[in-house]
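Bear in mind these aren't lab numbers, they're just calculated from the coordinates by the rules spelled out. All values reported here derive from a predicted model rather than from experimental measurement. Don't worry about glycine lacking a Cβ; one is built from the backbone with ideal geometry, like all the others, and counts go over all protein chains shown.
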Amino acid sequence: MNNIIKRFSNNSELNQRKYVIIRVLRFTIQLIFLFIINLALGPYPIPLPILGLSAPWSTFPGAFELLQIMIALLVVPIVPVITFILSNIFLGRIFCGWLCPFGLAQDIAALITSAKRKINPKTHEALHKVRWIILTFTFMFSFIFAYINSIGSLDQYKTYLGQAFILTPYNAFSPDTMIFATIPLNLLLGLPSDILKGAEYLIGNGILMFRFIIMILVLIGMAKIERFWCRYGCPVGLLNGMISKYSIFGIYKYPERCDNCGVCNKVCPVQIDIAGSGLGRIDHFECISCMQCVFACDRKALKVTYKS
């Protein structure tokens, strides 16, 4: 708990009590939801716009996984598209900040390692391009496989590339799928049974080894920068961000109450310049609706509300 507030122990403007409460509340909700989605209660036909739902025992399907599958299988992806639109229009990126299992993993990593919240602005902006590349390649492969399916040749490509990559090109290599699905499933199946066999298993499986390396690099990034994957790699967050700019739910700023102490910027896990925002709604593309800035501000210059 000390790690939550230690960075601001000398800042008299920080409303520490409320800030700690919102952090604890958010962690609690994230943990409860992580437990619920791994109970294998479903699957319920309600796709969610978050990562970490790739395991076969997940209670809910992932909207992004479903979107890729339906494109490849030449099915109009009405359900996942509607999910992305409605969830973000009415709730903003609440799913990213409060329910995403991979977001929880990043929050825990940041809490343990005291990961940085702010890095060089130029580096920050440059790294933002990575998630656009990931999203572009994901859709590019999905539509390529849709075309191959339309000419009746999809089965032969499954033999060479594997069904996972054909149907869900992002999940075939994503770090969240490795952490929440591939590794737990292999352990449950007893593959491998010990560390030595595990090393041999990885070395003998080039694709799995490549996925493992990606996961390690992302884990290192998570330990160094808070919400590393949300900021720079997550295609789901990117889609959510594009839509949530038009959400009826958001954080509003009242400049007349602001004394420019900068606490809101310090507590933001995705490096948004909240203090530099003007009057009205903070329609920032990056905001994950964690609300830490709102509860850290003791001058009530920020408010969570629906548009009137």
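A few notes on this one:
- Helix 206-224 and the long axis of the chain differ in direction by around 10°, with both axes built from C-alpha atoms.
- When the helices of the chain are scored as -39500 (n - 2.57) per DSSP H run of n ≥ 4 and the total is divided over every residue, the value at 222 nm lands at -16500 deg cm²/dmol.
- Sorted peptide list for 158-170, 28-40, criterion being average Cβ within 10 angstrom, highest first: 158-170, 28-40
- Highest GNM mean-square fluctuation among Gln16, Gln106, Gln271, for the chain modelled with Cα contacts below 10 Å: Gln16.
- Angle between the chain longest axis and helix 235-244 axis [Cα atoms, degrees, rounded to 10]: 50 degrees
- Lysine pairs within the stretch 1-158, Cα separation less than 22 Å, 8 or more sequence positions apart or different chains: 6
- Selection from Val218, Phe64, Val75, by position along the positive dipole direction of the chain (Cβ): Val218
- Working note: Karplus 6.51/-1.76/1.60 with θ = phi - 60° gives the stretch 83-91 the couplings 4, 4, 5, 5, 4, 7, 5, 8, 10 Hz, where Gly and Pro are set to x.
- Relative exposure of Arg117, Arg211, judged by other C-beta atoms within 10 Å (fewest first): Arg117, Arg211
- Ordered by the count of other Cβ atoms within 10 Å of each Cβ, fewest first, Val294, Val81 give Val81, Val294.
- Nearest-ten-degree value, helix 63-72 long axis tilted from longest Cα axis of the chain: 40 degrees
- Dipole axis of the chain (+1 Lys, Arg; -1 Asp, Glu on Cβ), positive-most option in Phe228, Ile22, Tyr147: Ile22
- Computed about the Cα centre, the dipole magnitude for the chain is approximately 1040 debye when only Lys and Arg (+1) and Asp and Glu (-1) carry charge, each at its Cβ.
- Partnerless cysteines, meaning none of the other Cys C-beta atoms lie under 4.7 Å away, in the chain: Cys96, Cys100, Cys230, Cys234, Cys258, Cys261, Cys268, Cys287, Cys290, Cys297
- Taken over the chain, the percentage of Cα pairs per 10 Å bin, counting from 0 up to the bin with the maximum distance, is 6, 25, 34, 23, 10, 3, 0.
- Highest-MSF residue in the chain out of Arg131, Arg231, Arg257 [GNM, Cα springs under 10 Å]: Arg257
- Remark: Thr177, Thr83 ranked as Thr83, Thr177, counting other beta-carbon atoms within 10 Å and listing the fewest first.
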